[in-house]
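Each remark here refers to the structure printed beneath this line.
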Amino acid sequence: MTDPQLVLTGRVQQALGSAFGPEHATEDPLIRPSQFADYQANVALSLAKRLRRAPREVAQAIADHLDTTDVSVEVSGPGFLNLTLRDGWIAEQAGQRLLDERLGVPQPAPQTVIIDYSAPNAAKEMHVGHLRTTIVGDTLARTHEHLGNQVIRQNHLGDWGTPFGMLIEHLLDVGEEEALGRLAAGDGNAFYQEARHKFDTDKEFEERSRRRVPLLQGGDPPTLRLWHEFIEYTKRYFNKVYRTLGVTLTDDDIAGESMYNPMLADVCDELERTGVAEISEGALCVFPPGFTGRDDQPLPLIVRKSDGGYGYATTDLAAIRYRVRDLKADRIMYVVGATQSLHFQMVFAAARMAGWLHDDVKAEHVQIGSVLGSDGKMFKTRSGASVKLTELLDEAVVRAEAVIADRGYDPEARRQIARQVGMGAVKYADLSVSHDSEYVFDFDRMLALTGNTGPYLQYATARIRSIFRNGGIEPESATGPIVLGHPAERALALQLLGFGSVVAAVAQLSEPHRLCNYLFDVAQAFTSFYESCPVLKAEEESVRQSRLALSALTLRVLLRGLDLLGIEVPERM
């Protein structure tokens, strides 16, 4: 069971080696889907210049040496190779895929993959900006686990530092019970703003807050108790959001800034002792090569401030050292906003200088673009405040319920379906866009039952389930054999064979939108099949069994793919 594109890649590479020598057997054949055949190989055009031969002549030589078992080849245009697979091969592969529990998804040698994502600030409530870091990271975690990797989720909470001095003092002023109740209810932003205002306007409060910070950092028991209460209640709020979104983060995944606090002094000592860091204007700095400021002077990464304090860079370097040395990471992904690009470039460079990141460990910044409003600016409320994530998700469910209100469901079923459709719409709209791109948040587009949307894919699965329900058949009992007669059958079967390589590409490239686009193509192919090829009313029993098998395979691919995206699917819509 192999992806058609991979099969053809191997065949063309073998032909390249036979035609032009083994040194060309590893060339990328540049195989892409084509409107003129199943696939098109464009390698002849790029190779012709190096061989000093006409592209069409090179293409013909490849065609002459190509193993054409189960595939036909035609040279077209200036030197394209049009490749068309035999119907029998596609049908056989689809039948084997139907019997494969993994649907063709490979299982490479397992790695330890650490994914740093979500990372809200314990001093504030979650807003729409946390949506993307949370669901992109969660999809990558699900995908890597499905491939067999050991995934270690890391929720790097902002749960330490100087703001907690003023927050703890404000908690004492307000009263512990009232303050913790507000935090558990998700009123963190207002609580933080009140504390900040007092800090800026009340000298006595500012002095108390500053005195509280060294007590916290020094482990003063009463201060630590209040800090633990503060964190515990804000965690309850975060978990409520995570449950609503349907993401896989738990308290066991929390690895906040506070976790690394005991390591920071040793990190600085090691950097200074090994000569990686040096004192500059009273601060301990690393100067990674290649980074310069506006004045063309080397740009410092400050790991210990001149007043002895530590910053984000220190914590991130401590995290890298811990994740490589203690957690034995093979790959570390930081699902963080694109605005932090320079920071992570410098942190990774400094970690390499220190020997904590080496050739056997890959560290990458999965850059997250902004969510925009209809005006093309950062998504805000009318008053200019950040949009609360809980309010946004609640509105998605309310709007989804309005979309399905006329479908005759009882109130409980309607609420359940609305929750699944609303969350699916929000998550899919985000995941279907390249993670480093901006996108406009638009409920009407997200909840549409047509186009490249979550509800469209959910509806496609519900339509397939209705076929089996109407036929009184369990999808698991549809085993074929698959025989391809109509072009829509062939197109659907060929599309289904690409699932495994798409899932592998999502993990390799950290690009969930590839899976979204693939699932949309599958759903479209099934819609064409459904409209052209009667299933339950097929004239011949063999055709009926074949089409049921194709429908069952489509259902499994859509369900598995949507599950990797973290999207629940209603039984009916």
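Annotations
Residue-wise test of (1) within 28 Å of residue 427 (Cα to Cα); (2) open to solvent by less than 40 Å² (accessible area, probe 1.4 Å).
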site	(1), (2)
454	yes, yes
474	no, no
498	yes, yes
502	yes, yes
521	yes, no
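- The lone criterion from (1) surrounded by fewer than 18 Cβ atoms within 10 Å (Cβ to Cβ); (2) at pLDDT 90 or above; (3) out of contact with any strand residue (DSSP E or B) (no Cβ under 6 Å at 6 or more places or on another chain) left unmet by residue 171 is number (1).
- Yes/no for residue 305 being of a type in the set (D, E, K, R) and in contact (Cβ under 8 Å) with a residue 60 or more places away in the chain: no
- Matching entry among 525, 504 (being part of a helix (DSSP H, G or I), at pLDDT 95 or above and touching a Pro at 6+ places or on another chain (Cβ under 6 Å)): 504
- Cβ-Cβ distances below 7 Å connect the following pairs, each with a first residue in segment 542-559 that is farther than 12 Å from residue 98 by Cα and open to solvent by less than 10 Å² (accessible area, probe 1.4 Å), a second residue that is at pLDDT 95 or above and assigned to a helix (DSSP H, G or I), and a separation of six or more residues or different chains: 558/457; 558/460; 558/461; 558/519; 558/522; 558/523.
- Close pairs (6 angstrom Cβ cut-off, 6 or more residues apart or separate chains): in contact (Cβ under 8 Å) with a residue 60 or more places away in the chain in segment 125-153, in a helix (DSSP H, G or I) and open to solvent by 20 Å² or more (accessible area, probe 1.4 Å) anywhere: 125/189; 153/253
- Within the option set 460, 507, 493, being in contact (Cβ under 8 Å) with a residue 60 or more places away in the chain and touching a His at 6+ places or on another chain (Cβ under 6 Å) holds for one residue only, 507.
- Cβ pairs under 6 Å, 6+ apart, first in segment 94-116 and more than 14 Å from residue 145 (Cβ to Cβ), second of a type in the set (S, T, N, Q) and crowded, with 20+ Cβ neighbours inside 10 Å: 116/154
- Within segment 282-297, no residue that is open to solvent by 100 Å² or more (accessible area, probe 1.4 Å) sits with its Cβ atom under 9 Å from a residue that is at pLDDT below 90 and outside any loop (DSSP other than H, G, I, E, B) at 6+ positions apart or across chains.
- Within segment 393-414, the set of residues being over 22 Å from residue 125 (Cα atoms) and surrounded by 14 or more Cβ atoms within 10 Å (Cβ to Cβ) comprises 399, 400, 401, 403, 404, 409, 413, 414.
- For the criterion of being open to solvent by less than 10 Å² (accessible area, probe 1.4 Å) and closer than 30 Å to residue 565 by Cβ, residue 112 fails.
- Summed over segment 426-445, residues that are in a helix (DSSP H, G or I) and either crowded, with 18+ Cβ neighbours inside 10 Å or aromatic (Phe, Trp, Tyr) (or both) total 7.
- For segment 189-221, the tally of residues that are open to solvent by less than 40 Å² (accessible area, probe 1.4 Å), under 14 Å from residue 162 (Cβ atoms) and either of a type in the set (S, T, N, Q) or outside any helix (DSSP H, G or I) (or both) stands at 1.
- Residue 448 vs. criteria over 18 Å from residue 512 (Cα atoms) and open to solvent by 50 Å² or more (accessible area, probe 1.4 Å): no
- Criterion (within 19 Å of residue 158 (Cβ to Cβ), open to solvent by 20 Å² or more (accessible area, probe 1.4 Å), among the β-branched types (Val, Ile, Thr) and assigned to a helix (DSSP H, G or I)) met by exactly one of 390, 314: 390
So that you can scan it fast, the table gives a plain yes or no per residue for (1) on the phi < 0 side of the Ramachandran plot; (2) open to solvent by less than 40 Å² (accessible area, probe 1.4 Å); (3) at pLDDT below 95:
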| residue | (1), (2), (3) |
| --- | --- |
| 6 | yes, no, yes |
| 16 | yes, yes, no |
| 27 | yes, yes, yes |
| 40 | yes, yes, no |
| 46 | yes, no, yes |
| 60 | yes, no, no |
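- Any pair with Cβ under 6 angstrom, 6 or more apart, that starts in segment 324-343 at a residue that is acidic (Asp, Glu) and ends at one that is open to solvent by less than 50 Å² (accessible area, probe 1.4 Å) and part of a strand (DSSP E or B): 330/112
The values are calculated or read from the model by the stated rules, or taken from the named source; none is laboratory data. In this text, all values refer to a predicted model and were calculated from it rather than measured experimentally. Neighbour counts are summed over all protein chains in view; Cβ atoms, including those assigned to glycine, are modelled from backbone coordinates with ideal geometry. In case anyone asks, the SASA skips ligands and DNA or RNA and just uses the protein heavy atoms, side chains included. Shrake-Rupley method; radii C 1.70, N 1.55, O 1.52, S 1.80 Å.
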